[in-house]
Amino acid sequence: MSRSRTASSQIVAICMATMWLIISVLGGVLYRSVIAQHVPGYPNSGQTRFYLVVPVVMTILSWVLVLFSKRLTTFVVVLCAGIQLLALLGWLFFGGGGV
């Protein structure tokens, strides 16, 4: 595999990992702000999973993909990034409340 193809697959993996990392940090900030309001029943377990667990798991999986991107083919890295992008869009649509 050529050096430029490996670098490009790493860039794709790093971009997805960075997006999920930003969402994880924002989810943590928002979660802590809900806790600080002391509203009974909030945050519930569904919100915990959706705003904290899912982004953190996706961030970890993304960084694992970054670590193994040199060993994987470009097709596999781009396919995984595409699946993560679809998950990201679904997460944003559901988390944003939809229309």
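Just so you know, all these numbers are worked out from the coordinates, no wet-lab data involved. What you are looking at is a predicted structure, and each value in this text was computed from that prediction instead of being measured. Ideal geometry is used to build each Cβ from the backbone, glycine not excepted, and the neighbour counts take in all protein chains shown.
Note on I60 and L26: the extension gain reaches 10.7 nm, defined as 0.36 nm multiplied by sequence separation minus the Cα-Cα distance. Note: relative contact order over the chain, using C-alpha pairs below 8 Å and six or more positions apart, is 44 percent. Phi angles of segment 56-68 translate, via the Karplus equation with coefficients 6.51, -1.76, 1.60 and θ = phi - 60°, into HN-Hα couplings of 5, 4, 5, 5, 4, 4, 5, 6, 5, 4, 4, 5, 9 Hz per residue; Gly and Pro are given as x. Evaluate E = 1/(1 + (r/R0)^6) for I83 and N44, where r is the Cβ-Cβ distance and R0 equals 30 Å; express this FRET efficiency to the nearest 0.05. My answer for the efficiency is 0.60.
Apply the Kirkwood formula to the chain: the hydrodynamic radius equals the inverse of the mean of 1/r over all pairs of different alpha-carbon atoms; give it in Å with one decimal. Walk me through the numbers before you get to the answer.
Numbers: mean 1/r = 0.0685 Å⁻¹.
For the chain, the Kirkwood estimate is 14.6 Å.
A simple spin-label model places the labels of V34 and S8 4.1 nm from each other, with each point 7 Å out along Cα-to-Cβ.
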